[in-house]
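The values are calculated or read from the model by the stated rules, or taken from the named source; none is laboratory data. Quantities reported herein were computed from a predicted structural model and do not represent experimental measurements. No Cβ is skipped: glycine too gets one built from the backbone with ideal geometry, and neighbour counts run over all protein chains shown. Side chains are part of the model used for accessible areas, which takes the heavy atoms of the whole protein and leaves out ligands, DNA and RNA. Shrake-Rupley method; radii C 1.70, N 1.55, O 1.52, S 1.80 Å.
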Amino acid sequence: MKKKNLFFKGLLKNIFFVIFIFCSLGLLLSVTGFDYFNQEKIEEATVPQLAERINAGEVSKVEVSQNNVLVYLNDDSKLKIKKEEGITLTENLSYFNIDEGKLQEVSFVYKEDASEWLMPFLLMVVLPFVLIAVFFFFFLKKGKGGMTQSFDFAKSKAKMFTKNNDTKVTFNDVAGLKEEKEELSEIVDFLKHPQKYLKMGAKIPKGVLLVGPAGCGKTLLARAIAGESNVPFFYVSGSSFIELFVGIGSSRVRSLFEAAKKQQPCLIFIDELDSIGKVRGPSMSGGNEEREQTLNQLLTEMDGFEKNDKIIIIGATNRVDVLDPALLRPGRFDRKVVVNLPDIQEREDILKIHSKNKPLADDVNLREVAERTPGFSGADLENVVNEAAILTAKLGEEKVLQKNVLESIEKVLLGPEKKSRIITDEDKKIAAYHEAGHALVASFVPNGEPVRKISIIGRGMAAGYTLQVPDKERGFKRKSDFMADISILLGGYLTEKLIFGEVSSGASDDLKRASRVARKIVKELGMSSLGPTVFGEKETEIFLGYEGADQKNYSEDTALKIDAEVKNIMIEAEEKAKQILIKYKEVLERITKELIEKETLEREAFEKLLKA
Ligand code: ATP
């Protein structure tokens, strides 16, 4: 439909253009005296011949236009004559014995020659305008992508999915999230039967905020609400409102709501709401003016809903802490639904949904895949299944095998394997000891999670990796769990120190992560001797691209105590790891030797080495 409209628009434009050219040509020709439709053959004559005809009483009328003379004879024929330049026709006739009486009978008409002033006028005034108009016409037509876009600034960039869209999503397409779907089914009912609620005097909720990490299905849920209630769905990302110019964002918000009002009942989904909905206030960085204006406009539009308006706005964010309180008050985004990372059952269901259209081999066990993917979001899981299908196609196999799915998990987690990366024997030895150190500490430290795989084949940025998978899903972590994490992270570093007497640069990322955990224990979790206080506030302002910089809200004295506490935690975890490495040095050597030889060890092979 849209394409058809565009086609007709283009056609109309072209027709106008052609008509314009013809009119201009017509005008030009008519004023220059060119009579295209009336080109009868007129006999030419001379002034003496005209004098003769006048004397003979054959002439009824004479039209003079500059030096051109048109003679109308009594027998309805005409003559064309060129008179001498610089004198009038009567003067010219007087040279040829003209009969004064007969001359009186002829009516003389003198016409002004338009071409004399019109031609220069057309050439110098009208033509440049015509040329400029033609130039702009083509320029705009050609530059549709660039030029016209800049004229479209104020239009909202929302994508609209109509109710008849082929890609309609329903709650059945959303795996897991049972409670969330239940909560949102109320909204579906509002949209489906608004009158039922309006009759009761109930206000239709205006906004629902979906909060959760990226890729957990917030957009999918919003689309499912639209699909279930069979209403149009406007999708727009918060960041697409913001442009370089102040005022654009607010006009985009206005245009979005105008469009939505025409389609109601309908649903507007604003992704990344935090990019426009951050707390307003004094800003350190420039460019906040635009964001604040946009947010103000959004608030105004939400307030401006008529009682009977049937538009529901769904916002999505993973930073609810930074949202402006005005957005969260009743009458705006007053309902909050938390969409969390999926648990094991939900992961299995998501995998089932996304492998529906893929030829899975009989050996595929999606439960095992779900067990191996704690912390994966719905989007990650979709990616795993997709990567497995790509790998299968690349290998030329008929069906997706379990090994391909398992391989894809690591690819999604760490990036593709770098088998071709050439490493020296010395580097290989360091990597093998390093990974064996991690795995050994993980196996013997209290609360360590079981090792599922060790590899010294590089993936992404890592030269090697040790994967651990918890036996059961845990909601909370205790201090002992964090301490185990630090000991395991330090396992590689300590092994290098123990075996080679010095440490390589490969341990730097482990150290960074271990220090971060230790600092979190003290500053955020209240798990140190400094007690149940949170030190440092996260800043919500983005300054020079750095978000969440720590705001120091404690004294220098406390800062020293925090540093000392972090140091104690690191020393305690280091000590624990060191004891394990010394005690089981023999096992460490066994694992390293096997790792150098085989490059990758799966859980069973590794556990055999532990017991040997
Ligand atoms: P972001 O915050 O990055 O916008 P999001 O939470 O909106 O992320 P979605 O875009 O909804 O995430 O999800 C990404 C993809 O993950 C979807 O296309 C969908 O296929 C898949 N997915 C996520 N959660 C689920 C689920 N519960 N069931 C089925 N598929 C899911």
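The protection proxy used here, the mean number of other Cβ atoms lying within 10 Å of each residue, ranks peptides 249-260, 488-499, 576-587 as follows, highest first: 488-499, 249-260, 576-587. Chymotrypsin sites (Phe, Trp or Tyr not before Pro) within the range 35-112: which are DSSP loop residues with at most 13 other Cβ atoms inside 10 Å? Qualifying residues, ordered by number: Y36, F37, Y95. Evaluated with a Cβ-only charge set (Lys, Arg +1; Asp, Glu -1), the range 48-110 carries a dipole of roughly 200 debye about its Cα centre, given to the nearest 20.
Using the Cβ-Cβ distance between E186 and K520 with R0 set to 35 Å, the FRET efficiency from 1/(1 + (r/R0)^6) comes to roughly 0.40.
In a DSSP loop and with at most 12 other Cβ atoms within 10 Å, there are no GluC sites (Glu not before Pro) in the range 171-216.
Per-residue packing, averaged as other Cβ atoms within 10 Å, sorts the ranges 440-447, 309-316 into the order 309-316, 440-447, beginning with the highest.
In the frame of its principal axes, the range 48-110 has Cα extents of 29, 23, 17 Å, reported largest first. For E272, the residues whose amide H sits under 5 Å from its own are G238, A316, ignoring neighbours fewer than 5 places away on the same chain, with H placed 1.01 Å from N. Charge dipole (Cα centre; +1 on Lys/Arg Cβ, -1 on Asp/Glu Cβ; no other charges) of the range 344-414 amounts to roughly 120 debye. Distant-in-sequence amide contacts of Q468, defined by a placed amide H-H separation under 5 Å and a gap of 5 or more residues or a different chain, comprise R452.
The calculated FRET efficiency for the pair S239 and D481, based on their C-beta separation and a Förster distance of 45 Å, comes to about 0.80.
Which pairs, out of K578/K611; K418/K520; K472/K585; K196/K261; K428/K578, put more than 31 Å between their alpha-carbon atoms? Among K578/K611; K418/K520; K472/K585; K196/K261; K428/K578, the Cα-Cα distance tops 31 Å for K418/K520. What separates the Cα centres of the range 480-532 and the range 313-333 is a distance of 37 Å. Label sites at R367 and S65, each approximated as a point 7 angstrom past Cα along Cα to Cβ, lie 10.1 nm apart.
A simple rule links phi to the HN-Hα coupling: the Karplus curve 6.51 cos²θ - 1.76 cosθ + 1.60 with θ = phi - 60°, which for the range 222-233 gives 4, 5, 5, 4, 4, x, 5, 8, 6, 10, x, 10 Hz, with x for Gly and Pro. Full extension of the segment from E398 to M124, taken as 0.36 nm per residue of separation minus the current Cα-Cα distance, would add 91.1 nm.
Between L131 and K418, the simple spin-label model (points 7 angstrom out along Cα→Cβ) gives 6.1 nm.
Placing pseudo-labels 7 Å out from each Cα toward the beta carbon at D563 and D334 gives an inter-label distance of 5.1 nm. Surface analysis of the range 425-611 yields an accessible area of 55 Å² per residue, using protein heavy atoms and a 1.4 Å probe.
What the phi angles of the range 490-498 give under the Karplus curve with 6.51, -1.76 and 1.60, with θ = phi - 60°, is a coupling list of 7, x, x, 4, 5, 4, 4, 5, 5 Hz, glycine and proline written as x. Eigenvalues of the alpha-carbon gyration tensor of the range 344-414, scaled by 5 and square-rooted, set the equivalent ellipsoid semi-axes at 18, 13, 10 angstrom, largest first.
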